[in-house]
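First comes the structure, then the notes that go with it.
The values are calculated or read from the model by the stated rules, or taken from the named source; none is laboratory data. Being a predicted model, the structure only gives us computed values, none of them experimental. Note: ideal-geometry Cβ built from the backbone for every residue, glycine included; neighbour counts use all protein chains shown.
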Amino acid sequence: MLLADLITPESVKSYARAVVAVARACDRLRDAGYSAMVVPSRGAVPVVNAATSYRRSILSPMIDRASKLAMLTRSFSDPLTAAVHIAFTADMGETGVAGLDTASIRKFWARVVTAIARGDKLSPYYQFYRFHRDVVCRVGHHDNLEHCLNSERFIFIDTVVSGRAVVEIADAFDALGMDQIHYLLLVDENGTRIDPRYAAGLHRLEAQGRAQLIKVDSLFTEDQGPAVSGVWSVVMPSVMDAARNIVPEFEDGIVGAGIYYHEVQAREDGSNIDFTRAIGRLHTLLYQAIHIVADPDEIADDLQRLGFFFEDTLQIDSIGVMAKAMEGTFAHATDDYVDHLDRHGLFQAEATATVAARKVLDGVDGKPGFDVSGSHCIRLDVPADEAVRLMRRFEAGRLRSPAA
């Protein structure tokens, strides 16, 4: 499918409606005690960023000074602010590990998140995550918001295509007793691609009041990598394989090795400038789209629920004025964004590989194999002997509880 058919003014507006739904849901959930969010999907990152922009660019300009101060105070315990990115990816591709299925990898990441939420810094799953992030692949900027994820009551925002990933993840969390999570699920192509095998699991979560399914015409940011999110994903299959044989806790096959790192700002040598500009253009496009789809009735209802007040009676009228102004240039802005992606091949895995290779390999010892999957996931194939050495280092140096 051509990008011009995938990313259209109407599909971007549908995406923006999902952004607004996420922002509104986060406000409600915040008042129910959900003050942090886990973001396991790169495709959801632009939604989270734009949902924050919705509050800042739509709601804040309309309210009076006292309400602005109250909104700022709320932001200190806001799940959109405390968004922790954890790489649940199970994309191992051709360098996959024999006998290691996606459910086992996702169980590992559920255990990592559970350890963080419960403050269990001695968890082998949490320590292993920190080891391959801080020792094996030392690259880029990482979240420093782990301290915000200090409760079992948090939001988990994810994208849904077939439904397999989120059902495996929810099952893994449930097995750990993590049943207070609320799932915000962005459903591609309005749910038409959901596999019947996983539909029941999704609808069960929804019926239990534990999930909100937000339908989108086209999740065009799904599996498109850093050109839309600024988040780069790295997996290390051979490290997982070695861990299963050396670390006792991983002998059951529940193991993962991967990281997200953030890089949006343009490098001094300009090698990632096309990615940086693409992210900027998408931000501007969604900013316009949010203004176009903003619903005055929803805004008035939300502000009333929050106890905020309009600056004056003309503020609600400004929504329509702004929408009309944004609509006038929106089709051109969409075409401009698609043209930039096309001209530089940014939705092609080769572009991600070219920009990522030097930065990632500079942060890894030895000479690992390097490739990028069709979903823009960077795969580091650390040589087997080096992977064994690293796992022995991890096993010898990790902290254990006194009873261990």
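Looking at the stretch 319-361, which of its residues are among the hydroxyl-bearing types (Ser, Thr, Tyr), within 30 Å of Ser57 (Cα to Cα) and surrounded by 13 or more Cβ atoms within 10 Å (Cβ to Cβ)? Can you show your working first?
Here is the first cut: in the stretch 319-361, the residues among the hydroxyl-bearing types (Ser, Thr, Tyr) are 329, 334, 337, 352, 354.
Right, trim to within 30 Å of Ser57 (Cα to Cα) and you get 329, 334, 337.
The answer is Thr334, Tyr337.
Specify which of the listed residues (Glu222, Glu206) is among the acidic types (Asp, Glu) and assigned to a helix (DSSP H, G or I).
Answer to the check: Glu206.
Please name all residue pairs, on different chains or six or more residues apart, with Cβ atoms under 6 Å, provided the first residue is in the stretch 363-381 and is under 10 Å from Val234 (Cα atoms) and buried (at least 17 other Cβ atoms within 10 Å of the Cβ) and the second residue is of a type in the set (Ser, Thr, Tyr) and modelled with pLDDT of 85 or more.
Val372/Thr352; His376/Thr352; Cys377/Ser233
Kindly evaluate Ala110 against the criterion of being at pLDDT 95 or above and buried (at least 17 other Cβ atoms within 10 Å of the Cβ).
yes
Among the residues of the stretch 136-160, which ones are in contact with an Asp or Glu (Cβ under 9 Å, 6 or more places away or on another chain) and not in a loop (DSSP other than H, G, I, E, B)?
Val136, His141, Thr159, Val160
Is there a residue in the stretch 128-142 that is more than 30 Å from Ala266 (Cβ to Cβ) and touching a Ser or Thr at 6+ places or on another chain (Cβ under 7 Å)?
First, the residues of the stretch 128-142 that are more than 30 Å from Ala266 (Cβ to Cβ): 128, 131.
Next, from what is left, pick out any that are touching a Ser or Thr at 6+ places or on another chain (Cβ under 7 Å): none.
Checked the stretch 128-142: no residue is more than 30 Å from Ala266 (Cβ to Cβ) and touching a Ser or Thr at 6+ places or on another chain (Cβ under 7 Å).
Considering only the stretch 254-276, how many residues are surrounded by fewer than 16 Cβ atoms within 10 Å (Cβ to Cβ) and either small (Gly, Ala, Ser) or in contact with a helix residue (DSSP H, G or I) (Cβ under 9 Å, 6 or more places away or on another chain) (or both)?
Result for the stretch 254-276: 6.
Just wondering, is there one or more residues in the stretch 293-309 that are buried (at least 23 other Cβ atoms within 10 Å of the Cβ) and either in contact with a Lys or Arg (Cβ under 8 Å, 6 or more places away or on another chain) or under 30 Å from Ala387 (Cβ atoms) (or both)?
No, the conditions are met nowhere in the stretch 293-309.
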